[in-house]
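A quick write-up on the structure given underneath.
The values are calculated or read from the model by the stated rules, or taken from the named source; none is laboratory data. All figures in this text were calculated on a predicted structure; none of them were measured in a lab. SASA here: full protein model, heavy atoms, side chains in, ligands and nucleic acids out. Shrake-Rupley method; radii C 1.70, N 1.55, O 1.52, S 1.80 Å.
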Amino acid sequence: MIELQIRTKLPENCALGVIKAMQNVITKVEGLTDVGESIKGLFQIKGRDISRSLSELPETCDSIVLSKDEAKILIKEHTCMVALPILQSGCILKNVDVSDSTLIWDLICDDEAFKTLMSKLEDYGVEFDILYKGKPSKTGTTYREEEILRFALERGYFDFPKKIRLEEIADHFGIASSTLSEILRRGMKKVLERHFKEGSE
């Protein structure tokens, strides 16, 4: 089993970019599926004034408001030249982090799916960087979560008083503060769950 993290450019007119362009929202990819030559995707968004953000969605999207600060968005049909080869390769998608111009894909695969992925990305002409390829983390954190947690810890984010602000960490990684906050919380939750599970055994 291989944990893989790759970085790709955010394609023009990508539905992920449309969702990311919503002001002051945190986006979580809940699922993507391959439907022939297009994809369907389910996303959760959190933020202020969700109803206004939803009014700007294209016709290819359906949405449901869960509360004044939370909604789910279904992309009914979208041709994504990055997501398609990933889904068609047999890799399991764990997460996608969307920044201003890049996508970071957290994947699980075996050797065969990895080879297929490399071939398909080349066939589709996708430019990509492999950020991490190795064994899955013992804590269940993704490489990105572990990288950010380690950086925050080493720079004194968890000290009292803090030696570095959230915004400075976000600037270092080139992502929005809201996105960084979500990654930190997600990573810390996994570490704590693992710690308390081991403590009770």
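Solvent-free Debye calculation, one equal scatterer per alpha-carbon of the chain: log10 I(q)/I(0) at 0.10, 0.14 Å⁻¹ equals -0.46, -0.90. Treating region 51-148 as a set of equal point scatterers at the Cα positions, no solvent, please give the Debye-formula log₁₀ I(q)/I(0) at q = 0.11, 0.19 Å⁻¹. Log10 I(q)/I(0), no solvent term: -0.45, -1.07. Estimated from helical segments only, the mean residue ellipticity of the chain at 222 nm is -11000 deg cm²/dmol, where each DSSP H run of four or more residues counts as -39500 (n - 2.57). What the chain shows is 57 Å² of accessible area per residue, with the surface traced by a 1.4 Å probe over protein heavy atoms.
Here the accessible area is traced with a 1.4 Å probe on the protein chains. For the chain, carbon and sulfur cover 50 percent of it.
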